[in-house]
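Colleague: Okay, handing you the structure first.
The values are calculated or read from the model by the stated rules, or taken from the named source; none is laboratory data. What you see is a predicted model; the values in this text were computed from it and never measured. Because the Cβ atoms are built from the backbone with ideal geometry, glycine has one as well, and the counts that use them run over all protein chains shown. These accessible areas exclude ligands, DNA and RNA; they are computed on the full protein's heavy atoms, side chains included. Shrake-Rupley method; radii C 1.70, N 1.55, O 1.52, S 1.80 Å.
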Amino acid sequence: MNYLGSRSAILSSNLRVNYLAKANQSQTTAFFKYALASTLFNSFKAYSLIKNKIKGKKPVVEQIPKDTVIIYQFPRAFNTPSLSPFCLKLETWCRAANINYQNKLGMNVSSRGTVPFIRLNDYVIEDSEKCIEYLSKVFKVDLNSELSDDQKAFARAALALTEENLKWSMVMHRFWYSPIAKQETGLPLLSIWFFGYRMFRAAWYSGAARYTKQEIYEKGKRDLSALDALIGEKKFLLSDTKPCDVDFAIFGLCAQLKYNDRGPFNQHLLANCHNIDRHIETIKNMYWKDWDQNILAKKLVRKKPMFKKILSLFKKA
């Protein structure tokens, strides 16, 4: 019995060593792709700056409307208004809270290198959660006002499950394991190379990328099932009347898995997590009546019929 136990441990250890060896090879390849993409992006940026300087073009001075929240976030995506769960979370919250806002779409990042961030007059706030806390105070909007202390603690746990656990599983699938990342995200290949390595390194330092592929997918599925159980038969996370702040975090991330992902998480959500699926549709129907006007898939088809053919590459089989 001891012999069998020790042999099983050795086999498990060998599998782990083989996995890490393959992971190191993948990291090396990904690093060279990242270095190439980064070099090309920086070269193009330098070329644009030099070209504008030669032509005598002055930097455009950004006009900030007074008392209007400016949300700096990534450009619109193919199947969701944003590929970032945090950008989608923040913009949806602003809609729910009736905040007067404007989007500044682009690749701008905050001083900490994060997206999204907001500017209100001359004040800049980084991190989606801090943005919501700040706007709640400034505009005196509290979507958690009806929650008890126990419910707030429950919501806090659901937020951690979503943005600290499930997030990394989504990141690892989208940027590391997915064989069709280009179709899922709609990003150019160079962008996938650039973001892929950076996101993997972030996941590695968080500890999430140190598991095997199978472990990551199993962990993500368990997190989805747990979140589905927390929502239960309720319309929202904690009530049937109105959403709380955490509902928008759940929507921002799970909408990525429903509309962009084509892998195991998407399949598990649609097949087994009907409460999450219903929750996504509820939030979308309430606050995104103009969803189709804010995703590239619909915009491109309306503008040019030729994009219908291109769009077929992004549709789920």
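Colleague: In sequence order, what are the phi-derived ³J(HN,Hα) couplings for segment 268-283 according to the Karplus relation 6.51 cos²θ - 1.76 cosθ + 1.60 with θ = phi - 60°, rounded to whole Hz, with x for glycine and proline?
Modeller: Taking θ as phi minus 60°, the curve returns 5, 4, 5, 8, 10, 10, 5, 5, 5, 4, 5, 4, 4, 5, 5, 5 Hz for segment 268-283.
Colleague: Here's something else I'd like to know. Relative to the present Cα-Cα distance, how much length would full extension add between T68 and E146 at 0.36 nm per residue of separation?
Modeller: In short, 25.4 nm is gained.
Colleague: Heavy atoms only, probe 1.4 Å: what % of the accessible area of segment 116-268 goes to carbon and sulfur, would you let me know?
Modeller: Of all accessible area on segment 116-268, carbon and sulfur atoms account for 53 percent.
Colleague: Just to be sure I understand the model, the point goes 7 Å from the Cα along the line to the Cβ. What's the resulting E218 to A35 distance in nm?
Modeller: It works out to 3.6 nm between the two label points.
Colleague: Also, I was wondering about something else. For an R0 of 22 angstrom, estimate the FRET efficiency from the Cβ-Cβ distance between Y134 and R112 and round to the nearest 0.05.
Modeller: The value I calculate is 0.90.
Colleague: Sticking with this one: Sorted by accessible area (1.4 Å probe), largest first, how do M172, M107 line up?
Modeller: M107, M172
Colleague: Select from segment 187-242 those chymotrypsin sites (Phe, Trp or Tyr not before Pro) which occupy a DSSP coil region and have at most 13 other Cβ atoms within 10 Å, ordered by residue number.
Modeller: Nothing satisfies the criteria.
Colleague: With a/c under 1.5 counting as rounded, go ahead and sort segment 154-307 into rounded, prolate or oblate using the C-alpha gyration tensor (a ≥ b ≥ c being the square roots of the eigenvalues; past the cut-off, prolate if a/b is larger than b/c, else oblate).
Modeller: Oblate, since a/c reaches 1.5 and b/c is not below a/b.
Colleague: Say each of T241 and Y205 gets a label point 7 Å from the Cα, pointing the same way as Cα to Cβ; how far apart are those two points in nm?
Modeller: 4.4
Colleague: Right, here's the next one. Quick one: which residues, 5 or more positions from C244 or on another chain, have an amide H under 5 Å from its amide H? H modelled 1.01 Å from N in the peptide plane, none for Pro or chain starts.
Modeller: L237, L238
Colleague: Could I ask something else about it? Once phi is turned into ³J(HN,Hα) by the Karplus curve 6.51 cos²θ - 1.76 cosθ + 1.60 with θ = phi - 60°, what whole-Hz value does each residue of segment 246-263 show in order, with x for glycine and proline?
Modeller: 5, 4, 7, 5, 4, 4, x, 7, 5, 5, 4, 6, 6, 9, 9, 6, 10, x
Colleague: Check each of the GluC sites (Glu not before Pro) in segment 210-292 and keep only those in coil by DSSP with at most 15 other C-beta atoms within 10 angstrom; list them in order.
Modeller: Passing both the DSSP loop test and the Cβ count: E233.
Colleague: Whole-Hz ³J(HN,Hα) for each residue in segment 173-190, computed from phi via Karplus 6.51 cos²θ - 1.76 cosθ + 1.60 with θ = phi - 60°, x for glycine and proline: what do you get?
Modeller: So the J values, rounded to whole Hz, are 5, 5, 9, 10, 9, 5, x, 10, 4, 5, 6, 5, 9, x, 7, x, 4, 4.
Colleague: I'd like to check one number: the per residue accessible area of segment 181-250, probe 1.4 Å, reported in Å² as a whole number.
Modeller: 46
Colleague: Moving on to the next point. For T68, enumerate residues with amide H under 5 Å from its amide H, sequence gap 5+ or separate chain, H modeled in the peptide plane.
Modeller: The list, which skips near neighbours in sequence, is N121.
Colleague: For segment 183-265, what are Rg and Dmax over the alpha carbons, in angstrom?
Modeller: 15.5, 45
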